[in-house]
Amino acid sequence: MANRKYIVGNWKMNGDHAALAEAKAIAQAAAAHAGVDAALCPPATLIAPMAEAVKGFAVGGQDCHAEPKGAFTGSMSAGLLQDAGATLTIVGHSERREGFGESDAAVQAKALAAMTTGLDVILCVGEPKNVREDAEAEAYVLNQLDGSLPDVAAGRTLAVAYEPIWAIGTGLTPTADDVRVMHAAIRGKLIDRYGPELGAATRILYGGSVTGDNATELLGVDNVDGALVGGASLTAAKFVPIIEAAAAL
């Protein structure tokens with residue numbers, strides 16, 4: 001049985017209180033497609049007001065600290081995210097791994113902390129361009145995934161987002177065949193790690209220059225259970241067509 005599609009917007013370091021109007025429009029449109037799960041992950045400053053503005057629609061964080069509390073200036077624990085109204089968080093995004101030097105072990109600790117606190121987790125993996133050009137993408141991603149997956153029951157509480165780094169925000173996307181091969185490999189790793197039932201139920205999202213124009217093709221690929229969307233998630237005009245594409249499949 002196919003997994004429900006999951007469409008998540010990552011606003012990154014964009015958005016202010018005026019942008020809540022876009023979030024409301026997205027939530028309203030998503031409500032018309034009950035067969036699709038949708039969520040937005042705004043900057044931390046917007047989690048509480050967005051959760052209040054779009055009650056019943058999932059709002060998440062973009063990162064979380066592995067520790068529940070302490071002297072970690074500028075960080076947000078899973079508990080603080082939850083207290084602000086978040087129901088999920090992203091961990092291991094390439095912009096965190098590359099820009100902040102986060103290791104697989106650090107990402108694994110964050111995922112474990114978030115899941116044990118009660119947040120759903122979207123765990124990101126993906127290869128840089130040189131690895132893809134050297135035909136080593138699959139081995140790279142599976143090794144990254146192996147070191148980042150938390151050793152707890154997965155299923156619907158965990159999603160893996162495959163985001164080839166070279167495709168994020170560039171307008172470039174891998175071919176449907178490339179996505180199919182990588183998602184099949186990730187599915188195999190999840191089944192090996194969590195067993196056939198939970199491994200099959202763990203959703204695998206594709207991310208990297210997803211738009212309303214290419215969403216139908218990408219979401220129709222085997223083992224693509226949804227999308228993690230960056231720039232196109234900032235407005236209802238660009239994000240809602242992706243939700244609609246998922247609903248039509």
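The values are calculated or read from the model by the stated rules, or taken from the named source; none is laboratory data. Quick caveat, the model's predicted, so the values are computed rather than measured. Ideal geometry is used to build each Cβ from the backbone, glycine not excepted, and the neighbour counts take in all protein chains shown.
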If we take segment 85-135, then helices (runs of 4 or more DSSP H) inside it with 3 or more residues that are touching a helix residue (DSSP H, G or I) at 6+ places or on another chain (Cβ under 8 Å) and of a type in the set (Gly, Ala, Ser) are 104-117
With the first residue restricted to segment 228-249 and required to be over 11 Å from Trp11 (Cα atoms), and the second required to be among the acidic types (Asp, Glu), Cβ contacts under 6 Å at 6 or more apart or on different chains are Ala236/Glu22
Just to be sure I understand, how many residues within segment 101-137 are under 19 Å from Trp166 (Cα atoms), among the acidic types (Asp, Glu) and buried (at least 18 other Cβ atoms within 10 Å of the Cβ)? 2
Search result, residues across segment 212-248 that are in contact with a Lys or Arg (Cβ under 7 Å, 6 or more places away or on another chain) and not small (Gly, Ala, Ser): Leu219, Val221, Asp222, Asn223, Asp225
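Matching residues to (1) buried (at least 21 other Cβ atoms within 10 Å of the Cβ); (2) touching a residue at least 60 places away in the same chain (Cβ under 8 Å):
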| site | (1), (2) |
| --- | --- |
| Tyr6 | yes, yes |
| Gly9 | yes, yes |
| Asn14 | no, yes |
| Ala25 | no, yes |
| Ala34 | no, no |
| Val54 | yes, no |
| His65 | yes, no |
| Ala78 | yes, no |
| Leu81 | yes, no |
Would you check if there is a residue in segment 147-162 being modelled with pLDDT of 95 or more and of a type in the set (D, E, K, R)? no
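Conditions (1) of a type in the set (Asp, Glu); (2) closer than 19 Å to Thr173 by Cβ; (3) in contact with an Asp or Glu (Cβ under 9 Å, 6 or more places away or on another chain); (4) in contact (Cβ under 8 Å) with a residue 40 or more places away in the chain, marked per residue:
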| position | (1), (2), (3), (4) |
| --- | --- |
| Gly92 | no, no, yes, yes |
| Val107 | no, no, no, yes |
| Leu112 | no, no, yes, yes |
| Thr116 | no, no, no, no |
| Val121 | no, no, no, no |
| Asp134 | yes, no, no, no |
Quick test for you: out of Gly79, Gly56, pick the one residue that is in a helix (DSSP H, G or I), modelled with pLDDT of 95 or more and in contact with a helix residue (DSSP H, G or I) (Cβ under 8 Å, 6 or more places away or on another chain). Gly79
